[in-house]
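Read through the structure below, which is laid out as structure tokens, and then see the notes.
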Amino acid sequence: MSDKHIHLLSERVTNKIAAGEVVERPASVLKELVENSLDAGADQVDVEVVEGGRRVLTVADNGRGMNADDALMSIQRYATSKIGDVEDIESISTMGFRGEALAAISSVSRFKLTTRSEESDAGTEVVVSGGKVQDVQSAGCPLGTKIEVRNMFFNVPARRKFMRTARTEFTHVKQKFLVYALANPAVGMTLKSDERTVFSLTPGDGLEDRIGAIYGESLSSALRTVEHSYAGVNIRGYVALPRVARSDRSDQYIFINNRPATAPVLAYAIREGYHTLMPSGRHPVLFLFLQLDPGLVDVNVHPTKREVRFRRSNDVRDAMIGAIRKALETPSSAAPVPPREDGGHAAFGGLDKRSSIDIQDLPKAPVFQYPRMSMLDERPLQDRSATEISQGEGELETGADTPWARCRVLGQIGGLFVVLETEDGMVLMDPHAAHERVMFDKFMDQVVNGKVHSQGLLAPETLDMSPDNAAVIRKNEEVLKDLGFGISSFGGDSFIVDSVPSCIGEVSIAEVVENLAKAADRGGKASSAEHGARERIAMAACKAAVKAGDMLSLSEIEKLVVDLALTKMPYTCPHGRPTMIFMSFKELQKKFGRIN
Ligand code: ADP
Ligand code: MG
């Protein structure tokens, strides 16, 4: 092919290119093979890997199998038994439908397919290597299909390099396996790794039993049943109480019409649903199944991505929030397992306590003295905002993955709360909590990256502390220094402070220590128990800094709104109080009796 004329690529080459899209690593091969097994009606699926799937990955099922012709057909690109025409794509109910997976997988591995359908006694074995059929013969085998994938990417060195260690690949394999095990409790599933049985899940379990078989009793006892319908969205499953929260989202399983799926709006709804129950940086465990009209879900955004789009995402969001809140608020008798010996109260206790703390902690009087703004701002556009991001008619844009893509600051009420209009409704924001969140994130970013800047005080401050508070300082002296507080002992319970972290501003260390001591006093509060000393001090510092309160102008409020939207955890302040309350136009219309 040295001449540069245009030519069509050979099928082998196009398969290899397509493989790059579908097959990323062993876990993605597992996904395709297990989905095929489920589509084939199997009620037993056995997965086995060697070296995390890098060396061997096998999926065997007892589904309907294939005859010899279909077996050969199945490894051709665009060969599928699942759709016949474009119209079918709209109403797809099986999981695979593009007819690409087997062609792709067999073009980048040493591949062996063994299968038998009911129509014949003899099965078929097809051996493919790097996309070339090596051997086809009849073979004795049980009803169903077994696919063995060896030496993934043996012929694509560039992709081979991207595979990680056997251990990492196995982590991904296991995660994928669990997704399908949870979505299909009626199907028996086993996972073996390097000869060791990791999971052996019996068929016919309900979801509850399956969760128990995978995660054990401690998680099961913290689950609440979810059963909720709203605007054509039906949600069922389980959510766990906040006490079993995780540090990442890996134990959040969401299925839309039985397919594992994610969507930014769902992440938002989970946050909002748990609201103040979840300390910042923690993520609830949940298993939720959403059913809605498939015509309202765009699933084929990308063949390997789980991200979906909803035609009516506000409905989905509100249904999720409602489902989670209802489940968490229901008395513990609704829990799937009977309450423990100490009664239902224990399971519910954590919840009760936190929400009462939150109410106490709400500011009783306005802390900020923001200037009041007129609801209609007549100023010319170029004067409106100091923020770079500001757009159009006073619109602020924050982009995807934030609570709102764009919004408009309408004004302030009660001398405190900021009112925003977003695409979906109205938001009331507590600037005090918002400011704390923004500052905390910025501060922690610097701390984590070792980039805390300290700012010298013009006049060093001498502190005469109470013995208790002095003890707090001594205990945390090292951490305080790491965080940019220049503090040294001045004999007895006195200290001298000559610098403070610059991103916090002129914060009074006496107040920081007060806040710290108070937080430590509350003891049981999850946020102080679970955060390290660094976080606690950073939280106390932000609280003190915000109380010091500057006057904020419109442009500063706009900046705050944008900064808040861009934080990792915009919905609560670092102490877990809400930063905003959202009311959708839908809700308003309902309240006014325009819709029901
Ligand atoms: P798709 O699943 O998108 O149709 P695949 O490449 O994954 O494409 O599979 C091609 C075809 O091979 C399927 O449509 C199905 O007819 C057949 N097939 C694949 N795996 C199995 C299996 N485990 N059992 C029965 N038939 C299968
Ligand atoms: Mg498939």
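Out of all the residues in the stretch 234-255, is one or more touching a helix residue (DSSP H, G or I) at 6+ places or on another chain (Cβ under 6 Å) and in a loop (DSSP other than H, G, I, E, B)?
No, the conditions are met nowhere in the stretch 234-255.
In the stretch 561-596, what count of residues is obtained for those that are at pLDDT 85 or above, open to solvent by less than 10 Å² (accessible area, probe 1.4 Å) and either assigned to a loop (DSSP other than H, G, I, E, B) or more than 20 Å from A269 (Cα to Cα) (or both)?
1
Does the stretch 440-458 hold any residues that are over 22 Å from the mean Cα position of the chain (by Cα) and open to solvent by less than 80 Å² (accessible area, probe 1.4 Å), and which are they?
Within the stretch 440-458, the subset over 22 Å from the mean Cα position of the chain (by Cα) is 443, 446-447, 449-458.
Those that are over 22 Å from the mean Cα position of the chain (by Cα) and open to solvent by less than 80 Å² (accessible area, probe 1.4 Å): F443, Q446, V447, G450, V452, S454, Q455, G456, L457.
Within the group D293, D298, which residue is more than 27 Å from E436 (Cβ to Cβ), surrounded by fewer than 18 Cβ atoms within 10 Å (Cβ to Cβ) and out of contact with any strand residue (DSSP E or B) (no Cβ under 6 Å at 6 or more places or on another chain)?
Values: D298 fails: out of contact with any strand residue (DSSP E or B) (no Cβ under 6 Å at 6 or more places or on another chain).
It is D293.
Among the numbered conditions (1) open to solvent by 40 Å² or more (accessible area, probe 1.4 Å); (2) touching a residue at least 12 places away in the same chain (Cβ under 8 Å); (3) not β-branched (V, I, T), tell me where F177 comes up short.
Against the list (1) open to solvent by 40 Å² or more (accessible area, probe 1.4 Å); (2) touching a residue at least 12 places away in the same chain (Cβ under 8 Å); (3) not β-branched (V, I, T), F177 comes up short only on (1).
Quick check: anything in the stretch 59-68 more than 21 Å from S120 (Cα to Cα), within 15 Å of ligand 2 (Cβ to nearest atom) and touching a Leu at 6+ places or on another chain (Cβ under 8 Å)?
Within the stretch 59-68, one or more residues are more than 21 Å from S120 (Cα to Cα), within 15 Å of ligand 2 (Cβ to nearest atom) and touching a Leu at 6+ places or on another chain (Cβ under 8 Å).
Please give the number of the condition S218 fails out of (1) under 30 Å from K590 (Cα atoms); (2) open to solvent by 30 Å² or more (accessible area, probe 1.4 Å); (3) not acidic (D, E).
(1)
The values are calculated or read from the model by the stated rules, or taken from the named source; none is laboratory data. Every value quoted in this text rests on a predicted model; they were computed, and no experiment measured them. Ideal geometry is used to build each Cβ from the backbone, glycine not excepted, and the neighbour counts take in all protein chains shown. Ligands, DNA and RNA are stripped out before the accessible areas are found, and what is left, the full protein with its side chains, is counted by its heavy atoms. Shrake-Rupley method; radii C 1.70, N 1.55, O 1.52, S 1.80 Å.
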